[in-house]
Structure formats: structure tokens, C-alpha cells
Amino acid sequence: MILHTMERELQQLTLRVREKVQHTFLKQHIENPEIDENKLYFLNHILTKTTLAPKVRTELIITTMLVQIALDIHDQIPDYKGEQDPSISVGSQLSILAGDYYSGLYYQMLSDIGEREYITVLATAIKHINELKMELYFLEYESIETYLNIQKEINTTLIKHIAYHVKVTDELPVIEELLLASYIIRSDDKVIESDKKRVLERQVNKTKGMIEDLQVEDTYKHDLVRLLHSIVFQHTSLEMD
């Protein structure tokens with residue numbers, strides 16, 4: 001989903017990201033990686049509020065999305081937990097290589113424009129995400145809320161690290177909840193599948209309330225509500241009041 005207020009700029013950013021992930025050999029053997037347009041929107045929104053030069057802002061958005069794509073590809077590799085002889089398929093091996101390749105691009109791109117401080121920011125975020133994934137992997141099931149809180153942190157850590165570094169943080173709580181709603185809808189997690197509609201309804205209502213409480217212009221609130229509606233209606237028949 002792309003909001004009309006930034007449609008052209010976001011389309012250009014999406015195209016730039018797609019150009020970066022094109023690799024002749026990988027394209028022949030694995031599916032084109034998905035670009036999370038909601039995360040792209042919020043990255044652009046946050047960095048537009050800074051004094052960064054347009055070129056630096058664009059490169060930072062692209063590199064952050066490359067890291068996100070790399071993490072997403074690694075997440076799609078089958079989980080062999082509990083298997084005695086977990087032989088890894090060629091497809092899985094290529095996915096690992098693709099994730100590593102896309103992740104490595106961010107270092108090169110930021111080095112090329114002399115923005116080494118953001119290399120550290122993203123590397124720290126990646127480390128934290130991997131720690132959270134390990135926590136989730138060994139988590140003894142307690143509640144859906146505990147599980148979703150960890151998933152929310154995993155899904156927003158890259159954006160949060162960038163936002164804290166550039167000191168644009170006021171809207172982070174709402175961004176976290178919007179991206180969690182998107183995760184719930186797109187996820188096939190067994191943990192939430194059996195009660196997905198109730199979990200989603202609660203998440204939507206919570207997010208709508210937080211949007212209303214935001215101290216921002218009404219036009220931006222309206223955009224956020226439209227984004228929430230689009231996230232939900234794009235993937236489900238859930239009715240919203």
C-alpha cells in the first residue's frame with residue numbers, strides 16, 4: 001500500500017530497490033524478493049523530517065530496505081528444528097547466499113557515500129534482531145501477547161534504530177502497532193492462526209485509538225487511518241467501523 005501523498009517518490013524508491021536486488025544468477029533460481037512498502041513508507045516519512053541531504057536520505061532508505069529484504073529471505077528458509085538429519089536443499093542454500101548478498105550491499109553503498117555512522121547503526125540493529133529471533137526460537141509458549149511483543153520488536157527494530165539516530169521518534173509507538181497489524185495479517189504463524197481474527201480486531205482497535213491520540217496534523221492522522229484500512233482490507237474481509 002502506498003499513500004497518494006508520496007506515491008511518486010515511493011514508486012521511485014521501490015524501483016531503485018528492485019534495481020539493486022537484481023542479480024542474473026539469483027533471479028534464475030529464487031523468486032524476486034518482496035519489498036515491504038509499509039516499512040518503505042515509514043522510513044521515507046521519518047527521514048523526510050531530517051536535514052539529511054536528499055542523496056544521503058535516498059541511499060539510507062535503499063540500504064535499510066536491502067537489509068530488511070536480506071532478513072526476510074533468511075526467515076523464509078525452512079526450519080529444521082528437531083530433525084535428526086536436516087539436509088539443506090539447494091534452494092535454501094541459494095536463499096542464504098541471496099540474503100548475505102543483499103545484506104552486504106548496504107555496507108558498500110553507505111561506504112561509497114561516506115556515511116559510515118549508519119553502517120554501525122544498521123549493524124547494531126541487525127545484531128539486536130538476531131538476538132530477538134534467538135529468544136523467540138527458544139521461547140516457551142506463555143501467551144500470544146508475549147509472542148507478538150517480540151515479533152513487534154523484530155519487525156520494527158531497523159526503523160527504530162534509524163529513527164532514534166536521527167531523533168525523529170514521536171510517532172514510533174503508532175508505527176510499531178501499524179506494522180504489527182500488517183505482520184498479523186500476512187503471517188501464517190501457528191501461534192496466532194487459531195485465534196487470528198480476534199487478535200487482529202484487538203490490534204486494529206488499539207492502533208486506531210493510538211492514531212487518534214497522536215499530536216500531529218489531522219491530514220497525517222487521516223493518512224495513517226487510511227493506511228491501516230488498506231493494510232487490513234488488502235488481506236482480509238474484516239470489517240472496520
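Collect the residues in the range 140-188 that are hydroxyl-bearing (Ser, Thr, Tyr) and either in contact with a Phe, Trp or Tyr (Cβ under 9 Å, 6 or more places away or on another chain) or at pLDDT 95 or above (or both), keeping them in residue-number order.
TYR141, TYR147, THR156, THR157, TYR164, THR169, listed by residue number.
Could you tell me whether the range 88-98 includes any residue that is within 29 Å of GLU7 (Cα to Cα), open to solvent by less than 60 Å² (accessible area, probe 1.4 Å), assigned to a helix (DSSP H, G or I) and at pLDDT below 90? Spell out how you get there, then give the answer.
If we filter the range 88-98 for residues that are within 29 Å of GLU7 (Cα to Cα), which is where we start, we get 98.
Next, from what is left, pick out any that are open to solvent by less than 60 Å² (accessible area, probe 1.4 Å): 98.
Remaining after also requiring assigned to a helix (DSSP H, G or I): 98.
Still in the running and at pLDDT below 90: 98.
For the range 88-98, residues within 29 Å of GLU7 (Cα to Cα), open to solvent by less than 60 Å² (accessible area, probe 1.4 Å), assigned to a helix (DSSP H, G or I) and at pLDDT below 90: present.
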Criterion violated by ALA70 - all others in (1) open to solvent by less than 20 Å² (accessible area, probe 1.4 Å); (2) modelled with pLDDT under 80; (3) touching a helix residue (DSSP H, G or I) at 6+ places or on another chain (Cβ under 8 Å); (4) among the small types (Gly, Ala, Ser) satisfied: (2)
Test: residue in the range 130-145 that is in a helix (DSSP H, G or I), open to solvent by less than 30 Å² (accessible area, probe 1.4 Å) and without any contact (Cβ under 8 Å) to a residue 24 or more places away in the chain: no
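Give me a count of the residues in the range 103-129 that are touching a His at 6+ places or on another chain (Cβ under 6 Å) and free of Cβ contacts under 8 Å to residues at least 12 places away in the same chain. Reasoning before the result, please.
Let us first name the residues in the range 103-129 that are touching a His at 6+ places or on another chain (Cβ under 6 Å), namely 121, 125.
Those left that are additionally free of Cβ contacts under 8 Å to residues at least 12 places away in the same chain: none.
The total comes to 0.
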Can you find even one residue in the range 146-160 that is farther than 18 Å from ASP72 by Cα, open to solvent by 10 Å² or more (accessible area, probe 1.4 Å) and not in a helix (DSSP H, G or I)? no
So, in the range 99-119, of the ones that are under 16 Å from GLU19 (Cα atoms) and surrounded by fewer than 14 Cβ atoms within 10 Å (Cβ to Cβ), which residue ends up modelled with the highest pLDDT? GLN108
Quick one: THR236 ticks every box in (1) at pLDDT 90 or above; (2) within 25 Å of ILE69 (Cβ to Cβ); (3) not in a helix (DSSP H, G or I) except a single one, so which number is it? (1)
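Restricting attention to the range 206-220, which residues are among the charged types (D, E, K, R) and surrounded by 16 or more Cβ atoms within 10 Å (Cβ to Cβ)? Write out each step before concluding.
Of the residues in the range 206-220, the ones among the charged types (D, E, K, R) are 206, 208, 212-213, 217-218.
LYS208, the sole residue that qualifies.
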Considering the range 170-205 alone, what residues qualify as being open to solvent by 90 Å² or more (accessible area, probe 1.4 Å) and within 14 Å of ASN155 (Cβ to Cβ)? ARG186
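The values are calculated or read from the model by the stated rules, or taken from the named source; none is laboratory data. Computed from a predicted model, the values in this text were never measured in an experiment. Neighbour counts are summed over all protein chains in view; Cβ atoms, including those assigned to glycine, are modelled from backbone coordinates with ideal geometry. Areas reflect the complete protein model, heavy atoms only, side chains present, ligands, DNA and RNA absent. Shrake-Rupley method; radii C 1.70, N 1.55, O 1.52, S 1.80 Å.
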